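Chemist: Below are the structure tokens for one structure; questions will follow.
The values are calculated or read from the model by the stated rules, or taken from the named source; none is laboratory data. Since this is a predicted model, take the numbers as computed values, not measurements. Every residue, glycine as well, gets a Cβ built from its backbone with ideal geometry; the counts of neighbours run over all protein chains shown. What goes into the accessible areas is simple: the full protein's heavy atoms, side chains included, and nothing from ligands, DNA or RNA. Shrake-Rupley method; radii C 1.70, N 1.55, O 1.52, S 1.80 Å.
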Amino acid sequence: MEWQVKSFDELSSLELYRILQLRQEVFALEQTCLYRDCDNKDLFAKHVFALEGEKCVGYTRILPPDISYPGCSSIGRVAVHPDYRGLDYGKLIMEQSMKSLLADYPDYPIRISGQQYLEKFYNNLGFKTESDPYLEDDIPHLEMTYYNVL
């Protein structure tokens with residue numbers, strides 16, 4: 001399995017369909033979260049994902065600085081297919097996402113809105129917690145930032 005990084009225009013129709021399937025399965029169905037998934041940010045994002053057969057097994061979207069946060073690039077829509085959890089795919093896809101952002105925007109920190117229950121996971125990747133918990137789509141989140149120390 002190979003992690004791919006593609007702009008919106010580079011995605012095939014089938015790749016986009018598989019990505020949206022995973023996002024719907026994880027966020028709308030599993031987490032029963034009603035939110036606007038098609039928020040126009042996908043158009044500016046690079047999409048980091050891996051396909052295995054009929055499934056998108058892991059996904060993030062990475063955004064250039066100033067799209068989600070002033071002065072920061074960002075990672076969002078982090079999802080691992082339920083059948084592939086516990087295999088370090090979350091860590092692998094986050095590392096690939098961070099590597100890609102740092103290659104494109106080395107002078108910018110990476111900011112995320114991470115679900116609170118994953119705070120230790122993100123801390124272990126080098127993200128620093130920078131807010132008290134807040135509700136985003138009725139799920140407790142934390143603002144977290146990775147500072148590239150050169």
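Chemist: In the range 92-120, what residues are within 21 Å of Trp3 (Cα to Cα), touching a strand residue (DSSP E or B) at 6+ places or on another chain (Cβ under 8 Å) and in a helix (DSSP H, G or I)?
Modeler: Within the range 92-120, Leu92, Ile93, Met94, Gln96, Ser97, Met98, Ser100, Leu101, Leu102, Asp104 qualify.
Chemist: Could you count how many residues in the range 64-84 are in a strand (DSSP E or B) and farther than 18 Å from Ala28 by Cβ?
Modeler: Qualifying residue count for the region: 5.
Chemist: Quick check on my filter: what residues within the range 1-15 are assigned to a helix (DSSP H, G or I), under 15 Å from Gly53 (Cα atoms) and either among the aromatic types (Phe, Trp, Tyr) or open to solvent by less than 50 Å² (accessible area, probe 1.4 Å) (or both)?
Modeler: Across the range 1-15, the qualifying residue is only Glu15.
Chemist: Further question: Quick check on my filter: what residues within the range 50-92 are hydrophobic (A, V, I, L, M, F, W, C), open to solvent by less than 70 Å² (accessible area, probe 1.4 Å) and under 29 Å from Tyr147 (Cβ atoms)?
Modeler: The answer is Ala50, Ile62, Leu63, Ile67, Cys72, Ile75, Val78, Ala79, Val80.
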